[in-house]
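Let me begin by presenting the structure, written as C-alpha cells, before commenting on it.
The values are calculated or read from the model by the stated rules, or taken from the named source; none is laboratory data. The structure displayed is predicted, hence computed values, not measured ones. Positions of Cβ are generated from backbone atoms using ideal geometry, with glycine treated the same way; all protein chains shown enter the neighbour counts.
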Amino acid sequence: MHVGDKLLFRSVVFKLQYRPNRWNHVGMIAGGTGFTPMLQIIRHSLLEPWENGVVDRTKLSFLFCNRTERHILLKGLFDDLAAKYPDRFKMHYTIDNAIDPDTWPHSVGFVTEEMIRTTMPAPEEEKKIILLCGPDQLLSHVAGTPMGTMNTMSGGLNIQPMAPDLNNLVALGGVLGKLGYSNDDVYRF
C-alpha cells in the first residue's frame with residue numbers, strides 16, 4: 001500500500017447465536033454454498049464440548065439442495081456426521097438433475113411441501129426453528145422472500161447484506177407459509 005491508497009473493511013455481523021438446547025429441533029434448508037452457516041451450527045451442536053457439563057440434545061435436520069450429485073460440497077462429512085449421530089442429525093439431499101437417476105437414492109427437484117413435511121420440524125412442534133440460506137430463487141420459493149427485497153439488500157451482488165435481519169422483515173410465504181409456519185419459526189440468512 002502507498003500513502004493515499006484506500007482500503008475497504010467489512011465488520012463481522014453475528015446474525016444468529018447458537019446455544020445448546022435453545023431449540024428442541026433445528027431444521028436447515030440450504031442451497032449450494034449456503035451450507036456454510038448450517039455447518040457452523042452443526043459443528044457447534046455435535047462437536048463442541050459445552051461448558052458446565054451441559055449436554056446438547058438439540059435435533060438437527062438438514063435438507064441440502066444442489067444442481068447434481070457432483071455439486072454437493074462436503075457430502076462425505078455430512079454423511080459421516082449423520083452416521084455418527086443418528087439420533088440427533090438427519091441428512092437429506094435434493095438435486096435438480098440426477099446424473100444417474102437409477103443410482104441416486106435421494107430426492108430430485110425443487111423443494112416441495114412433501115420434502116419439508118418429511119424432513120423438517122412440524123409447524124406445531126414446540127421450540128423449533130428452520131434456518132434458510134442459499135440463492136435468491138431458493139429463498140423466494142421456500143420462504144416467499146420477494147426477489148426485489150433481496151436485490152435491494154445485495155445490490156444484485158452475490159454477497160449477504162450487512163443489515164442482519166433484513167431478510168426476516170418480510171412476511172413469510174412460499175412453501176413454508178403454505179404449510180403453516182410463522183415468521184417466528186424461520187430465520188433467513
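For the stretch 96-133, name all the residues that are under 16 Å from the mean Cα position of the chain (by Cα), assigned to a strand (DSSP E or B) and of a type in the set (A, V, I, L, M, F, W, C).
Ile129, Ile130, Leu131, Leu132, Cys133
Does Ile29 meet the test of being buried (at least 17 other Cβ atoms within 10 Å of the Cβ), part of a helix (DSSP H, G or I) and either within 15 Å of the chain's Cα centre (by Cα) or at negative phi (or both)?
On the way: buried (at least 17 other Cβ atoms within 10 Å of the Cβ): yes; part of a helix (DSSP H, G or I): no; either within 15 Å of the chain's Cα centre (by Cα) or at negative phi (or both): yes.
Answer is no for this residue.
For the stretch 119-149, which residues satisfy the criterion of being farther than 21 Å from Thr33 by Cα, surrounded by fewer than 19 Cβ atoms within 10 Å (Cβ to Cβ) and either in contact with a Leu (Cβ under 7 Å, 6 or more places away or on another chain) or modelled with pLDDT of 95 or more (or both)?
Correct list: Ala122, Pro123, Glu124, Glu125, Glu126, Lys127.
All but one of (1) touching a Ser or Thr at 6+ places or on another chain (Cβ under 7 Å); (2) over 22 Å from Gly177 (Cα atoms) hold for Thr119; which doesn't?
(2)
Tell me yes or no: at least one residue of the stretch 51-71 is surrounded by fewer than 15 Cβ atoms within 10 Å (Cβ to Cβ), hydrophobic (A, V, I, L, M, F, W, C) and touching a residue at least 24 places away in the same chain (Cβ under 8 Å).
Yes - at least one qualifying residue is present in the stretch 51-71.
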